[in-house]
Amino acid sequence: MTETDVGTLRATGLDDTTINDAAQVVAYFNYINRIADGLGVDPEPDMPKP
């Protein structure tokens, strides 16, 4: 992200706390998915195969 991206989010009415919270959640899911992929974790049975 760039400062322009953050400015766009602010222009939609999001405050810095909300932007930070969203970034934290996105980063967490990115981390968990990379760990699962690296360890060869199979998707849950009801999830579509890639």
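Selection of first residues in segment 13-29 that are closer than 14 Å to Glu3 by Cα and of second residues that are loosely packed, with under 12 Cβ neighbours inside 10 Å, restricted to Cβ pairs under 9 Å at least 6 apart or on distinct chains, gives the following pairs, ordered by first then second residue: Ala23/Met1. Annotation: Val41 fulfils all but one of (1) surrounded by 11 or more Cβ atoms within 10 Å (Cβ to Cβ); (2) at pLDDT 95 or above; (3) assigned to a loop (DSSP other than H, G, I, E, B); (4) not charged (D, E, K, R); the unmet one is (2).
Look at (1) assigned to a helix (DSSP H, G or I); (2) surrounded by 10 or more Cβ atoms within 10 Å (Cβ to Cβ) and you find that Thr4 fails only one, number (2). Would it be correct to say that Thr17 is part of a helix (DSSP H, G or I), loosely packed, with under 10 Cβ neighbours inside 10 Å and of a type in the set (Ser, Thr, Tyr)? Against the criterion (part of a helix (DSSP H, G or I), loosely packed, with under 10 Cβ neighbours inside 10 Å and of a type in the set (Ser, Thr, Tyr)), Thr17 qualifies.
The values are calculated or read from the model by the stated rules, or taken from the named source; none is laboratory data. Here the structure is a predicted model, which means the values were calculated and not measured. Cβ sites come from the backbone with ideal geometry, for glycine too, and all protein chains shown count toward neighbours.
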